[in-house]
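Presented below is the structure to which this report refers.
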Amino acid sequence: MKKVTACILFLLLTLLAVTAQDASSIPRGYGGVELGMSLDEVKSRLMKNSEFGYHGDRDVSLLPGENRVLIETDSAAGHVDSFLDRCYFQFYNGKLYIMIITINTERMDHYSVFSTLCKKYGNPVSLSPEKSVWKNADVTMSLERPLSLKYVDNNVFDELNKKSLVSPSGTEMTRDMFLEGL
């Protein structure tokens, strides 16, 4: 009886381990491009992978604010037979911290991508009609509607959020005081 119970317990634990989300396995990117890479590394990887439709430096822009660069690629304009549509690579201090891949909705559907991600990485930590989110300490990966995958470096994103915090206005503080008094 003890052997049967031990066997059942072992099988249940094995099943849980296989089906549970392995947060550490969430990818840091796609197609050889990963968060944390330098601008030159990303350019080099994009040139090697025609799926992105990268055309060189003409796809690179400077964003308002300090130390911000954006690469925008267009697979359709590149006449590449790809499942990708447009892709955005955003840099801060010379490192890639946001990667957005818009998937061609004429060639792929949301459910197929969602179910594949669930099989590979487990159930999302957050689910809404607009997006599904998988997250670990370093990376947030989200599948957003209509059909895009977004990879975010959590550490850089949090750093930028802290820098951009604006003190509440007088009106907002008065409103909060009123609500607290209810």
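Taking 41 Å as R0, compute the FRET efficiency from the Cβ-Cβ separation of Met47 and Cys118 and round it to 0.05.
Numbers: r = 33 Å, r/R0 = 0.80.
Efficiency, from the Cβ-Cβ distance: 0.80.
Among the GluC sites (Glu not before Pro) in the range 97-181, which ones are in a DSSP loop with at most 15 other Cβ atoms within 10 Å of the Cβ? Mind listing them?
Values: sites: Glu106, Glu130, Glu144, Glu159, Glu172, Glu180; in loops: Glu106, Glu130.
When the GluC sites (Glu not before Pro) of the range 97-181 are filtered for loop state and at most 15 Cβ neighbours within 10 Å, Glu106, Glu130 remain.
Using a 1.4 Å probe and ignoring any ligands, DNA or RNA, find the accessible area of Leu84 and quote it in Å² to the nearest 10.
Probe radius 1.4 Å; accessible area of Leu84 about 10 Å².
Using only alpha carbons, build the gyration tensor for the range 43-182 and give me the equivalent ellipsoid semi-axes, biggest first, whole Å. It would help to have the intermediate numbers written out before the result.
Details: eigenvalues 215, 100, 37 Å².
In descending order the semi-axes read 33, 22, 14 Å.
Let me cross-check Ile98: its accessible surface, 1.4 Å probe, with only protein heavy atoms counted, in Å² to the nearest 10?
Around 20 Å² of this residue is reachable by solvent.
I need the phi-derived Karplus couplings for the range 121-135: 6.51 cos²θ - 1.76 cosθ + 1.60, θ = phi - 60°, integer Hz, Gly and Pro marked x.
With the stated coefficients, the range 121-135 comes to 10, x, 6, x, 7, 9, 9, 9, x, 8, 7, 10, 10, 10, 8 Hz.
Check each of the trypsin sites (Lys or Arg not before Pro) in the range 59-156 and keep only those in coil by DSSP with at most 13 other C-beta atoms within 10 angstrom; list them in order.
On the way: sites: Arg68, Arg86, Lys95, Arg107, Lys119, Lys120, Lys131, Lys135, Lys150; in loops: Arg107.
Here the sparse-neighbourhood loop sites are Arg107.
Using only Cα atoms, what is the ratio of the radius of gyration of the range 90-172 to 2.2 N^0.38 Å?
Details: Rg = 15.6 Å, N = 83, 2.2 N^0.38 = 11.8 Å.
Scaled against compact globular proteins, the figure is 1.32.
Convert each backbone phi in the range 138-143 into a coupling constant with the Karplus relation 6.51 cos²θ - 1.76 cosθ + 1.60 (shift: θ = phi - 60°), then list the ³J(HN,Hα) values in order as whole Hz, x for Gly and Pro.
So the J values, rounded to whole Hz, are 9, 10, 10, 10, 10, 9.
The values are calculated or read from the model by the stated rules, or taken from the named source; none is laboratory data. This one's a predicted model, so the numbers in the text were calculated from it and none came from an experiment. Here the Cβ is made from the backbone with ideal geometry for all residues, glycine too, and neighbour counts use every protein chain on show. For the accessible areas, the whole protein counts, side chains as well, though only heavy atoms, and no ligand, DNA or RNA atoms are used. Shrake-Rupley method; radii C 1.70, N 1.55, O 1.52, S 1.80 Å.
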